[in-house]
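To start, the structure itself, in structure tokens.
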Amino acid sequence: MTWSTRELADLAGTTVNTIRHYHRLGLLAEPRRLPNGYKQYGERDLLRLLEVRRLAELGVPLSRIGQVGARGEGGQDALRELDAELAAGVERLLRARADISAILGGTDVVGTPDDDHG
């Protein structure tokens, strides 16, 4: 099965301009063209587009997605960095939730200057 650029965009829940942008960045390969010049995308193109969109949603910079998609060591490093950033963010949120819970429970969460310096 093949799709036009518009159909591909609709299937992936994105825009034609986004697809063009990904082409300019080299994140999507140029598909084959019909004799009339229209692009024809296949399943592999759709899967790659969905992968690029998902990685971007996860916070991988577009400049690194090419590495991630290549599944090489650079891609693994980019995903590990993102995972570490997300883990640190989760820890900050868990601490904030614990502080809010303490405040709501009437516990003082504001440390004294001596607490900060050991």
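Gain on full extension, evaluated as 0.36 nm per residue between ARG20 and ALA56 minus their Cα-Cα distance, stands at 11.4 nm. The gain in end-to-end length when the GLN76 to ARG32 segment is fully stretched comes to 12.9 nm, 0.36 nm per residue minus the alpha carbon separation. Using the Cβ-Cβ distance between ALA87 and LEU46 with R0 set to 25 Å, the FRET efficiency works out to roughly 0.20. Note on the stretch 5-108: dipole from Cβ charges, positive end direction compared against ALA102, GLY37, TYR22; the farthest Cα belongs to GLY37. What the Cα convex hull of the stretch 5-108 gives, in volume per residue, is 124 Å³. Take 99-106, 11-18 and order them by the average number of nearby Cβ atoms within 10 Å per residue, most first; the result is 11-18, 99-106. Each of TYR22, TYR41 was scored by other Cβ atoms within 10 Å of its Cβ. Arranged with the fewest first, they read TYR22, TYR41.
Just so you know, all these numbers are worked out from the coordinates, no wet-lab data involved. The structure presented is a predicted model; accordingly, all values stated were derived computationally and were not measured. Because the Cβ atoms are built from the backbone with ideal geometry, glycine has one as well, and the counts that use them run over all protein chains shown.
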